[in-house]
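Colleague: Before we start, here is the structure in question, set down as structure tokens.
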Amino acid sequence: MKPLKTELQQLYGDASKHSAYQNIPDFVSAELGYTETIDESWRGDRPRLTYLYEARKPAAGEIWMDFGANTGFFTLSLAKTHPQTRFIAVEANPNHAAFIRRVADYFQMGNVGVIQSAVGIEDLPSLPKVDFMLHLNVLHHAGHDFDKHAVACIEDFGEYAQRYLKLLRGVARGLFFQMGSNWGGDKSRPLVGLYEDAEKLRLFATWLRHAGWRPVKAAYPHRGGDGRIAYHDLATLACAQLAENSGMALEMHSWESLDQFPGEFYRRPLFICEHA
């Protein structure tokens, strides 16, 4: 039998589209001496996890779902520190789903379950009902990586996104949500311009609200003087007003702190939502 570290390395780096994407949970690295190098200045898991701990901690007896869990950084990190909460990882890639299972088995994490399946819009109602869902950077891939039949062109995406998000209300009572502003990750096909941060925030919040979600928090990253990256709530706005009627407040907000990050990832707002 191959050592677990070697097996995990092979499952992690399977050369698929979203391989080599997430950090390795700290407790796994400490036990197995296994880590992967992710450029945190480009895309960060740990700053988002830290923000989630501050904004919405798992409670004993709750069920959480990590939709599009990849190799399980969020599922496994949360499950390790909150053994009285049940976590379900939903992941289409069989290697990445196996990665989560192997770690959970090795560390005897009985509060982790894995659904290895490609879940499209028609399949959402069949998912287990949960208290809280992580849905991070999945939706903008619709029409490319999944649901090609349901959203054939960029002009259809807004209507599709609202139908999709409305169906998520039937699955989860709360939502930790983030999505990219390029359709399918293609920079040549933006849903909203890279530097149109006010419009981006307004558009995504409007889709959420029209789908029956109420954004109660919206957060963006800042880099401190020590170089550390941390997410902070958008304090200049009442998040319940994050929609078309809040345009003036959005335009008045300073977005310069986002210019210190390369690329598009850190310009994606993080939302904490509950049912409207």
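The numbers here are math on the coordinates, done by the rules we state, and not lab data. Nothing here was measured: the structure is a model prediction, and the numbers come from that model. As a convention, Cβ positions derive from the backbone with ideal geometry for all residues, glycine included, and neighbour counts pool all protein chains shown.
Colleague: Rounding to the nearest 20 debye, state how big the charge dipole of the chain is about its Cα centre with +1 on each Lys and Arg Cβ and -1 on each Asp and Glu Cβ.
Modeller: For this selection, approximately 560 debye.
Colleague: Modelled label-to-label distance, His149 and Leu194, 7 Å Cα→beta-carbon offset: nm?
Modeller: 3.6
Colleague: So how much slack lies between Glu31 and His275, counting 0.36 nm per residue of separation and subtracting their Cα-Cα distance, in nm?
Modeller: Between Glu31 and His275, full extension yields 83.9 nm more.
Colleague: Given Cβ point charges of +1 (Lys, Arg) and -1 (Asp, Glu) and nothing else, what value in debye, to the nearest 20, does the dipole of segment 1-41 about its Cα centre take?
Modeller: Computed charge dipole of segment 1-41: roughly 200 debye.
Colleague: If I model a spin label at Leu167 and Glu256 as a point 7 Å from the Cα along the Cα→Cβ vector, what separation in nanometres do I get?
Modeller: Inter-label distance under the simple model: 4.4 nm.
Colleague: Order the peptides 139-147, 110-118 from the highest to the lowest mean number of other Cβ atoms within 10 Å of their residues.
Modeller: Order by mean packing, descending: 139-147, 110-118.
Colleague: Percent antiparallel among DSSP beta bridges with both residues in segment 69-209, to the nearest 5?
Modeller: 10
Colleague: Please tell me the relative contact order of segment 1-148 in percent, rounded to the nearest whole number, where contacts are Cα pairs under 8 Å and at least six residues apart.
Modeller: 22
Colleague: What number, in percent, do you get for the relative contact order of the chain if the mean sequence gap of Cα pairs under 8 Å and at least 6 apart is divided by its residue count?
Modeller: Rounded, it is 16 percent for the chain.
Colleague: Follow-up. Positive end of the dipole of the chain, charges at C-beta (+1 Lys, Arg; -1 Asp, Glu), about the Cα centre: which of Pro262, Leu134, Leu234 has its Cα farthest in that direction?
Modeller: Leu134
Colleague: Tell me, what ³J(HN,Hα) does each residue in segment 225-234 have, in order and in whole Hz, if you take phi through Karplus 6.51 cos²θ - 1.76 cosθ + 1.60 with θ = phi - 60° and put x for Gly and Pro?
Modeller: Calculated HN-Hα couplings, in order: x, 8, x, 6, 9, 9, 8, 10, 4, 6 Hz.
Colleague: Specify the inter-centroid distance of segment 21-82 and segment 139-177, based on alpha-carbon positions, in whole Å.
Modeller: When both Cα centres are located, 24 Å separates them.
Colleague: Which entries in the list Lys57/Lys166; Lys5/Lys57; Lys17/Lys148; Lys17/Lys187 go over 27 Å, if you measure between the two C-alpha atoms of each?
Modeller: Going by Cα-Cα distance, Lys5/Lys57 fall outside the 27 Å limit.
Colleague: What are the extents of the Cα atoms of segment 131-242 along their three principal axes, in Å, largest first?
Modeller: 47, 34, 22
Colleague: Would you mind ranking Tyr12, Tyr53 by Cβ crowding within 10 Å, fewest neighbours first?
Modeller: Tyr53, Tyr12
Colleague: Next question, about the same structure. Calculate how many DSSP beta bridges within the chain are antiparallel, expressed in % of all such bridges and rounded to the nearest 5.
Modeller: Once the DSSP bridges in the chain are tallied, antiparallel ones form about 45 percent.
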